Amino acid sequence: MKNPQTSIEVTNLKRSFKSVKKESGWRGTLKLLTNPEYITHDALKGINFKIETGEFVGLIGANGAGKTTLLKILSGLIPPTSGEAVVLGYEPFDRKLEFRKQISLVMGQKAQLWWDLPALEAFDLLRAVYQIPRDVYQKRVDELTNLLDVTKLLNTQIRRLSLGERMKMEVIGAILHLPKVIFLDEPTIGLDVLAAHKLRGFLKEHNQKEGATIILTSHNMDDISQLCKRILLIKEGELIYDGDADKLGQRNECQLKVQMINETSIDDLQQSLTSVEARISKDEASDSTFLITIPRAKIAESFQILFQRYSIADVAIQEPSLERIIQQIYQQ
Amino acid sequence: MNMIRIKWMMEWRLAAVRNGMKDALAYRWDFLIDFFTQAFVPVGIQLILWHSIFTQSGTTVFGGMKYTELLAYTWTSILFSQVRGGNYDFALIEMIRTGSLSQSLLRPVGPVEFVFWRGFGEKIFTAAFCLFLGLLASYFADRSVLNLLLAMMLAVLGNVIHYLFGATLAAVAFYWENAFAILLVKNMMVSLLSGEVMPLSVFPAKYSWIWESTPFYLYVYGPTQVALGKWSPEVWAHHMMIGFGWCIAFAILLKITWSRSIRQYQGIGG
C-alpha cells in the first residue's frame, strides 16, 4: 500500500462461488448423488475502492449483493477469485500473525463467545490470545462494560443473556485488543431500539477515540445514517456508489409534503405536475396531504405550479430517507 | 524466539485448557453421567461376554488370557478408554460445516490447535479423575504406581495422536461440507483396534500386523499392558517413541491437508 493513511485498498476484486444445483423431488435427490450439476455464481464482479485510516464506512446492498463476501475477503476468511485486496499492508488471505492481531470481525448472526461460559471467562481467554497485559485488560473490560451497561452481566453464562446483551458482549470481545480495522456484519440485527441506539453510540465513540477503521454492513439504515459518513453501495456484485452518505441523498430528488385546503385528487395533481416529472402519493396520516417526489432542480417550478393552481395550507420540503434513496437506486 | 513470545505461546495454551475445563464442568451432572455411562456400559457388556465365553465353552484361556486376567484388563482399560475418547475433531467438522470456524481463523492462534487445547482441557480433567481412580485401585490391588503413571502418559499421547488423525480427516469437510461419516468410521476402527472393545491379543497372531501398523493400540491396549505390568518401562519407552513418530507424521499431514483445503472454505451462514 503506497499511502500509509490508506487502511484498505481493493483493486478489481472478483469472487465466484461454485455450488451444486439441487432439483426438487426424488429425481433431484438421486441426481445429486449420481450426477450433480454445478452452477457458478459471481458474487463480486470487479470492485475498486480505498478506505483511509479512521474512516467509518457503510457497506450496503440487498440480500445476496456481495457485502458479506467482500467482508470475508477483506478479513482473510476466503481468497478472491481474482484481483487484489490489501488491508493494513497485508494480503488478508495470507492471514499473517501480525495481520490477525490487528483486525476483528463481528457477525451479528454468529457468536464468537462460548455459549456455556460467562463472558468474563471468554474475555480472559481472548486476553491471553491477544497478549493484552492484565492491568490494561482489566481497565479496558471495566471501561467497555460500563459504556455498554453490561458490567453486572459479566459472570452470567452467554446463553442466558438476551440478544442485545449478548451482542454487546460480542462487540466488547471483538474490540478488546483494540484492532485497527473492524468489520461489523449486521451488529444490530434483532436488537431493540434502545440496545441498537446504545451500541451505535458506543461504536461511534470507539471510532473517534481509537481511530479504528470500521466497515459496517447493515440493513438498518439508522445504523448507516448515524454512523457512516461514507457509503459503498453494492448491487449484484458491483459497486454502484462510493461517496458521502449526504451526497447520496442530495444527488437525485426531494419530496414536497403539501397540505391542500380544497379537496384534490392524485390524478389532478399528476396532470398539473407532468412537466416536472412528479411522482405523487397520499400521506397515510392525512387525506388532504400529498407527498410529491420531484427532481431537485425542479423545486421552484413545482412551487410555481402548485401555488398558481391550488389553495395550499402548508408545504414542506423533505429530504428522502436513506432507505428510500437506496430503494430507488435498486429499482432503477 | 524471545521470552515474550514464549510466554505468550504458553499463556494462551494454558488459558485455552482452563477454558475447556470450565466448559466441561459447566453442567456437572451431565459431565458425571456422561463419564460414568461411557465408562461402565461398555465394561458391563464385556464382562457379560467374557463370563459367557468362559462358562459356556469351558475354555480356561481366551486370546492368551485367563478369565481373571481378562477381568483385570477390562477394568483397567476403562481408565484409558476415557482418556482417548476426545471427539473434538467432530467439533472441527461442525465448525467447517456451519461456518463458525471463521472466528477461530481470524484469531492470532491456529484454529486446529486452539480446538485441541480447549478439548484437552476437558480431557485432562477426565485423565486426572481416571488417574485418581487408578491410584486408588493400585493401592488396594498392590500394583505399581509408577506403571500407572507411565501408562497414563502413553494414554495422553494416544489422545494427541487421536486428535491429529481426526483433524487431518476433518479437512475433508472443506470439500464435502460434512465429514461426519468419515470420523464415525474412524472411531469404529479405533474402538476395535485400540483394545477398547477387547484385548488385541484376541486377534489371531497372523493378523496382528493389522493393529500393530496403526497407532490406535497406543490409546488403550498399550497403556493397559503397562499398567498391568506386562510391558516393562523399556517397552513403554519404545512405544512412546513410536507414538511421537506418529505424532510428527500426523502433524505434517495435518499441516499439508489444512493449508491446501482451507482455500475451499466458504464461511457460510454469515
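A few comments on the model shown:
- C-alpha long axis of helix A:134-147 to longest principal axis of chain A, angle in °: 30
- DSSP loop GluC sites (Glu not before Pro) with at most 14 other Cβ within 10 Å: longest gap in chain A: A:24-262
- For the listed residue pairs B:66/B:230; A:50/A:72; A:21/A:72; A:96/A:139, the alpha carbons are over 25 angstrom apart in A:96/A:139.
- Full-stretch length increase - residue A:205, residue A:262 - with 0.36 nm per residue and alpha-carbon distance subtracted: 15.5 nm
- Residue-averaged 222 nm ellipticity for chain B, from DSSP H runs of 4+ at -39500 (n - 2.57), nearest 500: -25000 deg cm²/dmol
- Region A:36-104 and region A:215-230: distance between their alpha carbon centers, rounded to Å: 18
- At R0 = 22 Å, FRET efficiency that the Cβ-Cβ distance of residue A:84 and residue A:247 yields, to 0.05: 0.20
- Only protein atoms count toward the accessible area here, which uses a 1.4 Å probe; on chain A, the carbon and sulfur part of that area reaches 47 percent.
- Theoretical gain in end-to-end length, residue B:255 to residue B:141 [0.36 nm per residue, Cα-Cα removed]: 36.6 nm
- For region A:287-309 versus region A:14-32, the gap between their alpha-carbon centres in whole angstrom: 52
- Per residue, the protein assembly as shown exposes 48 Å² of solvent-accessible protein surface, assessed with a 1.4 angstrom probe and all protein chains in place.
- Seen against the Cα atoms of chain B and their longest principal axis, helix B:145-170 is set at about 50 degrees.
- Antiparallel %, DSSP beta bridges [both residues in region A:154-275], to 5: 55
- Accessible area ranking (1.4 Å probe, heavy atoms, ligands and nucleic acids excluded), largest first, for B:50, A:26, A:115, B:211: A:26, A:115, B:211, B:50.
- With every protein chain in place, region B:142-270: carbon and sulfur % of accessible area (1.4 Å): 71
- Computed over region B:119-270, relative contact order equals 34 percent, with contacts defined as Cα pairs under 8 Å that lie 6+ residues apart.
- Taken one residue at a time, the phi angles of region B:125-137 give Karplus couplings (6.51, -1.76, 1.60, θ = phi - 60°) of 5, 4, 4, 5, 5, 5, 4, 4, 4, x, 5, 4, 5 Hz. Gly and Pro are set to x.
- Near residue A:81, the amide H atoms lying under 5 Å from its own belong to A:14, A:15, A:16; only residues 5 or more places off or on other chains count, and H is placed 1.01 Å from N.
- Accessible area that becomes buried as A packs against B, both chains, 1.4 Å probe, Å², nearest 100: 3200
- Among the protein heavy atoms, those of residue A:177 account for about 20 Å² of accessible surface (1.4 Å probe, every chain in place).
- Beta bridges from DSSP with both residues in the protein assembly as shown: antiparallel share about 70 percent, rounded to the nearest 5.
- Bridges between two residues of chain A, per DSSP, are antiparallel at a rate of about 70%.
- Taking 0.36 nm per residue of separation and subtracting the Cα-Cα distance, full extension of the segment from residue B:7 to residue B:47 would add 9.6 nm.
- Cα long-axis angle, helix B:3-24 against chain B (0 to 90 degrees, to the nearest 10): 60
- Cα-based shape type of the protein assembly as shown, given that a ≥ b ≥ c are square roots of the gyration tensor eigenvalues and the cut on a/c is 1.5: prolate
- For the pair region B:36-114 and region B:197-270, the centres of their Cα atoms are 13 angstrom apart.
- Heavy-atom accessible area order for B:9, B:152, largest first, 1.4 Å probe: B:9, B:152
- Per-residue surface analysis assigns residue A:287 an accessible area of about 120 Å², computed on protein heavy atoms at 1.4 Å probe radius.
- Protein-only accessible surface at a 1.4 angstrom probe places the residues B:5, A:309 in the order A:309, B:5, largest first.
The values are calculated or read from the model by the stated rules, or taken from the named source; none is laboratory data. No experiment lies behind these values; they were computed from the predicted model shown. Ideal geometry is used to build each Cβ from the backbone, glycine not excepted, and the neighbour counts take in all protein chains shown. Just so you know, the surface numbers come from the protein's heavy atoms only, side chains and all, with ligands and any DNA or RNA stripped out. Shrake-Rupley method; radii C 1.70, N 1.55, O 1.52, S 1.80 Å.
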